[in-house]
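Below: the structure, in structure tokens.
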Amino acid sequence: MDTVIVIGEALVDVVDRPEGRVEHPGGSPMNVAVGLARLGRPARLVCALGDDDRGASIRAHVGASDVEVDATGIDRTSTAVATIGEDGGASYEFDLDWRLDPVHVPAGTPLVHVGSIGAVLEPGARAALEALRVRPVDALVSVDPNVRPSITPDRDAVLATLEPLFAEADVVKLSDEDAAWLWPDRSVDQVLDGLLA
């Protein structure tokens, strides 16, 4: 069975609560790769990881599901810190480094998935788009923008980065919230018509 390639961030979610701190591997593309592997589909996660304890925890987590890791080396593994207050409210802080070496998509690859922060944050987003542009013609493409305005608040820049990805895509996984943020002046039907066009 041929391997699905998933391009996007793997990071450590750090949750600070009044009673203490908990860390665990995260990132929606990482979760896609793990989910595919657990369903019996070989998966390769193309991401960026540091040579540190957090990077090792991600490698161990995805390795437990037999996900192959193809990681560009970065100084430290990215984190998303959620601080939970006494009232249960959360504030978030991201420490992200998203760079990718050129991505090779071999012949026979059935699907390339690009997602979330990795789809829009530079300079890695350029490498993700280039991987789609040079993929084998029979490889399907799925894109999940999973927009994060707190990380990439410039709507015009995000759209300029996403639109070429959407043009390459066979499947776009877009939530109502994503659509409303990306195109606040359009109805959901207008958004869908635009994507199909």
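Each reported figure results from applying straightforward, stated rules to the coordinates on display, with no laboratory input. The structure displayed is predicted, hence computed values, not measured ones. Reconstructed Cβ throughout: ideal geometry from the backbone, glycine too, with neighbour counts over all protein chains shown.
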Shape of the stretch 75-167 from its Cα gyration tensor (a ≥ b ≥ c, root eigenvalues): rounded if a/c is under 1.5, otherwise prolate when a/b > b/c, or oblate? prolate
At most 10 other Cβ atoms within 10 Å and a DSSP loop assignment: could you name the GluC sites (Glu not before Pro) in the stretch 1-47 that fit? E19
Three principal axis extents, largest first, for the C-alpha atoms of the stretch 1-77, in Å? 46, 26, 17
Pair E19, S65: separation of 7 Å Cα→Cβ label points (nm): 2.7
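Using only the Cα atoms of the stretch 120-184, build the gyration tensor, take square roots of its eigenvalues as a ≥ b ≥ c, and label the shape rounded, prolate or oblate: rounded if a/c is under 1.5, else prolate if a/b is larger than b/c, else oblate.
Oblate shape, in that a/c is at least 1.5 and b/c is the bigger or equal ratio.
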Rg over Rh [alpha-carbon atoms, Kirkwood Rh] for the stretch 31-111: 1.06
Given contacts defined as C-alpha pairs under 8 Å and at least six residues apart, what's the relative contact order of the chain, whole-number percent? 19
Which one, T79, G27, L39, is farthest towards the positive end of the dipole of the stretch 21-107 when Lys and Arg carry +1 and Asp and Glu -1 on their Cβ? L39
Between the alpha carbon centres of the stretch 137-197 and the stretch 75-104 the gap in Å comes to 22
For I74, list long-range residues whose amide hydrogen, built 1.01 Å from N in the peptide plane, is under 5 Å from its own amide hydrogen. L49, G50, D51
What label, among (1) 20.5, 61; (2) 16.9, 53; (3) 24.5, 81, belongs to Rg and Dmax of the Cα atoms in Å computed from the structure on display? (2)
Quick one: length gained pulling F166 to R41 fully straight, 0.36 nm per residue minus the C-alpha distance? 42.6 nm
Residue-ordered couplings for the stretch 25-40, obtained by feeding phi - 60° into the Karplus form 6.51 cos²θ - 1.76 cosθ + 1.60 and rounding to whole Hz (Gly and Pro as x), are x, x, x, 4, x, 4, 5, 4, 4, 5, x, 4, 5, 5, 8, x
Restricting to the chain, what percent of DSSP beta bridges are antiparallel, rounded to 5? 30
If you add up the charges near A43, with Lys and Arg at +1 and Asp and Glu at -1, over every other residue whose beta carbon is less than 10 angstrom from its beta carbon, what do you get? +1
